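A short worksheet on the structure shown next.
The values are calculated or read from the model by the stated rules, or taken from the named source; none is laboratory data. All values reported here derive from a predicted model rather than from experimental measurement. When we count neighbours, we look across all protein chains shown, and the Cβ atoms used for this are built from the backbone with ideal geometry, even at glycine. Side chains are part of the model used for accessible areas, which takes the heavy atoms of the whole protein and leaves out ligands, DNA and RNA. Shrake-Rupley method; radii C 1.70, N 1.55, O 1.52, S 1.80 Å.
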Amino acid sequence: MNLIYNNGKPVGRCESFEIEKVQGTSDFIKIKKFSFLNSSVTENQQMILDWMLGETADVQEYSFHPTGIINELTGRSKLVPRLLKELWICMEEQKRQQVIMRFLAIKNGYASR
């Protein structure tokens, strides 16, 4: 098992990984059998994660990137419920990163809900 780090802190484990180089793009990291070290999230984190997954349910892209959905949470979009915007803005940065990591892991097929 290999540890996966985010900002110098371990966030998960994986069975194996490999770096894939694709000419003209950034390197991709392929991870097999990823699991989070801390499998619990707060109720507020779960509400935001559920909304993000629901909003992007029809998006099927390789190496999904969350920039658009995060912009919705921080921008003036009326598509995001006010409560979720407030939760996101008031949430500590580490908690936000946990949501994003889980979101990416689920969207890219490395983890399940």
Is it fair to say residue 89 is surrounded by fewer than 12 Cβ atoms within 10 Å (Cβ to Cβ) and either modelled with pLDDT of 85 or more or of a type in the set (Val, Ile, Thr) (or both)?
-> yes
Among the residues of the range 70-98, write down those that are touching a Phe, Trp or Tyr at 6+ places or on another chain (Cβ under 8 Å), assigned to a helix (DSSP H, G or I) and within 16 Å of residue 56 (Cα to Cα).
-> 73, 84
Residue 47 over 15 Å from residue 5 (Cα atoms), outside any strand (DSSP E or B), at pLDDT 85 or above and open to solvent by less than 40 Å² (accessible area, probe 1.4 Å) | no
Only one of these is modelled with pLDDT under 90, closer than 23 Å to residue 111 by Cβ and open to solvent by 60 Å² or more (accessible area, probe 1.4 Å): 21, 32, 78. Name it.
-> 32
Is there a residue being within 12 Å of the chain's Cα centre (by Cα), on the phi < 0 side of the Ramachandran plot and either free of Cβ contacts under 8 Å to residues at least 40 places away in the same chain or in a helix (DSSP H, G or I) (or both) anywhere in the range 53-62?
-> yes
Check off (1) part of a helix (DSSP H, G or I); (2) more than 22 Å from residue 11 (Cβ to Cβ); (3) among the β-branched types (Val, Ile, Thr) for residue 106 and give me the number that stays unchecked.
-> (2)
Among (1) under 14 Å from the mean Cα position of the chain (by Cα); (2) of a type outside the set (Phe, Trp, Tyr); (3) part of a strand (DSSP E or B); (4) surrounded by fewer than 10 Cβ atoms within 10 Å (Cβ to Cβ), where does residue 4 come up short?
-> (4)
